[in-house]
1. Taking GluC sites (Glu not before Pro) as candidate sites, keep only those in a DSSP loop with at most 14 other Cβ atoms within 10 Å, then name the longest stretch of chain A containing none of them.
2. How much mean residue ellipticity at 222 nm does chain A get from its helices, if each DSSP H run of length 4 or more adds -39500 (n - 2.57) and you divide by all residues, to the nearest 500 deg cm²/dmol?
3. Amide H neighbours of A:Thr82 under 5 Å, at least 5 residues apart or on other chains, H built in the peptide plane: list them.
4. How high is the FRET efficiency between B:Val154 and A:Leu103 when r is their beta carbon distance and R₀ equals 41 Å, given to the nearest 0.05?
5. Could you do me a favour and compute the accessible area per residue for the protein assembly as shown, 1.4 Å probe, result in Å²?
6. Within the accessible area of the stretch B:86-214, what % is carbon and sulfur when the probe is 1.4 Å and the other protein chains stay in place?
7. Any chance you could give the angle, 0 to 90 degrees and rounded to 10, that helix B:3-14 forms with the longest Cα principal axis of chain B?
8. Counting only protein heavy atoms and a 1.4 Å probe, tell me what percentage of the stretch A:6-103's accessible area is made up of carbon and sulfur.
Amino acid sequence: MAGISTDLIRGHTDTIILNILRHGDSYGYDIYKKIIELSGGEYELKEATLYTAFRRLLKDGEIESYWGDETQGGRRKYYRITDQGRQTYEQNKKDWETAKVILEQLIKGGITDESR
Amino acid sequence: MNLDKKIDSYLEDVFKDVGPSQQLFDLKQELRVNMKERIRDYKETGMNDDDAFREAKVSIGDLTGLVEDMRKYGQQETKNQIYSSMTNRISSGFIVLGVMLVLFGAMMTLSMFFMAVEPVARSGVSIFIVAGGGILVYGILARETKTRYAMSKVRAGLYALATILILFAIFVGTISGLASKELFVAITSSMFFLIGGVGLLVALLLSRGQSLKK
């Protein structure tokens, strides 16, 4: 586990959560498991970080929450992506596509004589 | 100490310096359920209770940020009492209205007995008791008290519906029984509402969460 540094991923926590909720409503522990699964077991987002992110996303109107109606073992708190959340996700995805290319250049690119 | 108690006391300990608030209550409920499920998963891999619990505590991560968040809510709670007292005022209105309707229905039914009307017509006004009973139940449940948080509007509404169904079953049974003078008519006509009401009530009682304040 932890095949990717927390520093690298921090700015993308919200987008990762939105991506998971884009595929259907879910609750804390399930989202936690899905993140591990999506990363192929290479990244674990601590549950505490998740809950903090949920609170932020709720406040910004990107997601909504509601209580499930489980009778066994207590009710779960589910999260649902809002229309605004979907738009934010699409925008973040675009931003990422752009950033990815630039970062690739910045990290790997060499400075050639012509550009001097 | 069983696992549920362990989880509860762990969460109590984490948030021990935090003033009570609805947000804290909700967060604890959320953490509790997710932790339980995680422990269940760990146990399926062969861990014993203690190891599973310890592992769950470790992997939940650093909760200090959330504790800090909740502390702010706890401090705000005094301000929120304006909101609380607003909901309580609405619930008081419901309780008063419910009591008045029930009383009105009861008095009307009583006075009908001294009038020269059909027995059926006598209990017809009892319908006010049915409506009043439902409103009264809603008013009581939607109220925040010192020991209990206000029930959600939907849940309180469902309890009120169950009450109305059961009272209505009695009402329908009485009316149709008096009209036909047959017991079986009374029973069959009220059965549908009674079963619906009791069923709903049982479902609600079984799915009861923890709403008692600490």
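1. With a cap of 14 other Cβ atoms within 10 Å, the longest stretch comes to A:71-113.
2. Details: 5 runs with 65 residues, N = 116.
The per-residue figure over chain A is -18000 deg cm²/dmol.
3. It is A:Ile63, A:Glu64, by chain and number.
4. 0.30
5. Roughly 60 Å² per residue, with all protein chains present.
6. 79 percent
7. Once rounded, the angle reads 70 degrees.
8. Values: 2660 of 5420 Å².
C and S atoms contribute 49 percent here.
The values are calculated or read from the model by the stated rules, or taken from the named source; none is laboratory data. Keep in mind that this is a model prediction, so the values were computed, not measured. Please note: Cβ atoms are built from the backbone with ideal geometry, for glycine as well, and neighbour counts cover all protein chains shown. Heavy atoms of the whole protein, side chains included, go into the accessibility calculation; ligands, DNA and RNA do not. Shrake-Rupley method; radii C 1.70, N 1.55, O 1.52, S 1.80 Å.
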